[in-house]
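The values are calculated or read from the model by the stated rules, or taken from the named source; none is laboratory data. All of these numbers come straight from a predicted model, not from anything done at the bench. Note that each Cβ is placed from the backbone with ideal geometry, even for glycine, and that neighbours are counted across all protein chains shown. Remember, those area values only see protein heavy atoms, side chains included, never the ligands or the DNA or RNA. Shrake-Rupley method; radii C 1.70, N 1.55, O 1.52, S 1.80 Å.
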Amino acid sequence: MTSQVWSYTSGASNKPLLGVTIGDRFDQIVADYPDNEALIVCRQSLRYTYRQLQQEVDRCARGLMAMGLQKGERIGIWSPNNAEWAITQFATSKIGAILVNINPSYRLHELEYALKQSGCSALVIAPQFKTSNYTHMLYDLAPELQASQPGQLRAARLPGLRAVIRLGAEIMPGMFSWSDLMALAEQVSPEQLAEQQRRQEFDDPINIQYTSGTTGYPKGATLSHHNILNNGYFVAEVMNFTDQDRLVIPVPLYHCFGMVMGNLGCMTHGATMIYPSEGFEPKAVLDAVQAERATALYGVPTMFIAELEHPEFASYDLRSLRTGIMAGSPCPIEVMKKVQSLMNMPEVEIAYGMTETSPVSFQTRSDAPLDKRVSTVGQIHPHLEVKIVDPATGQVVSIGQPGELCTRGYSVMLGYWNNAEATSKAIDAARWMHTGDLAVMDADGYVNIVGRIKDMIIRGGENVYPREIEEFLYAHPKISDVQVIGVPDAKYGEEIMAWVKLREGETATEEEIRDFCRGQIAHYKIPRYVKFTDSFPMTVTGKVQKFLMREQSIKELDLAAAAATKMA
């Protein structure tokens, strides 16, 4: 048998893909594990068995139907992690409404764009989160709410939005409360819901997740039941999940890591979802693992680092842990080793993927050699194909050669919502999703991510696209030109840096530039570093050479040590 020559691999599996909708799989699991704990929300002091969760999900689904929401309509959710998030996720899947995930860090400009681009008919909001008062922000965006009846909004800036559902008991002008929504369920019978659920197909779109692009505007990755149900299922399968596993989910639900790998991974196995807090708090995670005897824990590297470095870490009993996933940004090898030993997670795994592929394409296996488990993103997922190609020619490169990673299979998104041009650039005629990531494959099919063709920045697990920040900063009256790059950071993996060229005769400070961003774009997109310059390094054809900017910045900011941190 000859050894592998070309950088191509496919994931064999003796387990078939799930050919059902999310709602139907949920009901099957309820029938099989009715008394298993399904969802525990520590901050809200809530816990539901699968049968109890089904009752809440069905009430929510019937309430949404009573509001007149139809299959294919978009329902946005702008909230941190809580029980209502999960209930809404499963309820929308039952009626065929497309859930639009809105980042809790979004500010008005970003919120308005997502709601308009997706054409949301309804929006579920938390009252507030951290420094963001969602209620006041929405009144700023749609002042017509103050004088409208709930469900009858007509807003100039949000022409498609009809209804706002606000979590919590307080009654606010123009908005339904959560209890209002649940009370509306009385108008729709269980039989009507069942009939609506039967009309769903597993290839129907069910979720839109915004991921920014080089044009500066976010693109809505449109995912089907089949995409995300199977990806969640196989992520948990690779981790050897059973109905006895209990997973702590500190990662945000608006992202695939939370709602697919977390919620759907657990649900497809009858396992338990545990939310320690609304947003990440290391102590809350450690408390939840200990109190709930969790067997698994998710997180981006910065979360695991914060847990390991918590002053009370040594006092926690983490012996119940077995496995988990570290993903979202490059994983420092030394951190992986500490998690395996100090957190009692010998089977912790690394996962790699992108929102457009539902998200996971590669995952390490618990029985793989240690060096492969800590220094690569693992091997191909079941039922998927991957090839590595020369970005210039599109030809598959030989083993050991770097090239662009391309993924094909059930996980590839349906496309970008209402953006055929961007879709055709990302997915080729043979249905290969071009990731823009540079990767190297070895003869055993293990892959290393070695860089990015696009200049995307990954800061603490958040994908940040320079063009989006550049587009925003161009609006500053003093700025003539701006280029945004990522520079190494020991804590977040990368930090944001803006090279700013001011207009003739203008002066500005770094803090002035950051102040311009505050409250307008998400906090993680605000440049940590600002460099004022008269010019940018250019090619002879006038293209900015960002790699030279990065090299120069590493020297000027003395970031060589951070740049040398070894990542998986």
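Here are a few things to note about the model shown:
- Filter result for Glu84 (touching a helix residue (DSSP H, G or I) at 6+ places or on another chain (Cβ under 9 Å), open to solvent by 10 Å² or more (accessible area, probe 1.4 Å) and not aromatic (Phe, Trp, Tyr)): yes
- Within the stretch 264-275, the set of residues being touching a strand residue (DSSP E or B) at 6+ places or on another chain (Cβ under 6 Å) and either open to solvent by 10 Å² or more (accessible area, probe 1.4 Å) or part of a strand (DSSP E or B) (or both) comprises Thr272, Met273, Ile274, Tyr275.
- Some residue of the stretch 276-285 being part of a loop (DSSP other than H, G, I, E, B) and crowded, with 24+ Cβ neighbours inside 10 Å: yes
- Subset of the stretch 97-109 [under 16 Å from the mean Cα position of the chain (by Cα) and not β-branched (Val, Ile, Thr)]: Leu99, Asn101, Asn103, Pro104, Ser105, Tyr106
- Some residue of the stretch 478-499 being open to solvent by less than 20 Å² (accessible area, probe 1.4 Å), outside any strand (DSSP E or B), farther than 30 Å from Pro382 by Cβ and not hydrophobic (A, V, I, L, M, F, W, C): no
- Checking each residue in the stretch 328-337 for being open to solvent by 10 Å² or more (accessible area, probe 1.4 Å) and touching a strand residue (DSSP E or B) at 6+ places or on another chain (Cβ under 9 Å) picks out Gly328, Ser329, Pro330, Pro332, Ile333, Val335.
- Residues satisfying the stated conditions in the stretch 429-451, i.e. surrounded by 17 or more Cβ atoms within 10 Å (Cβ to Cβ), within 27 Å of Ser105 (Cα to Cα) and out of contact with any helix residue (DSSP H, G or I) (no Cβ under 9 Å at 6 or more places or on another chain): Asp437
- Among the residues here, Gly415 does not qualify as more than 20 Å from the chain's Cα centre (by Cα) and open to solvent by less than 40 Å² (accessible area, probe 1.4 Å).
- Entirely in the stretch 1-90, the strands (runs of 3 or more DSSP E) that have 2 or more residues that are of a type outside the set (Lys, Arg) and more than 22 Å from the chain's Cα centre (by Cα): 8-10, 46-49
- Of the strands (runs of 3 or more DSSP E) lying entirely inside the stretch 148-260, those containing at least 1 residues that are aromatic (Phe, Trp, Tyr) and modelled with pLDDT under 95 span 205-211.
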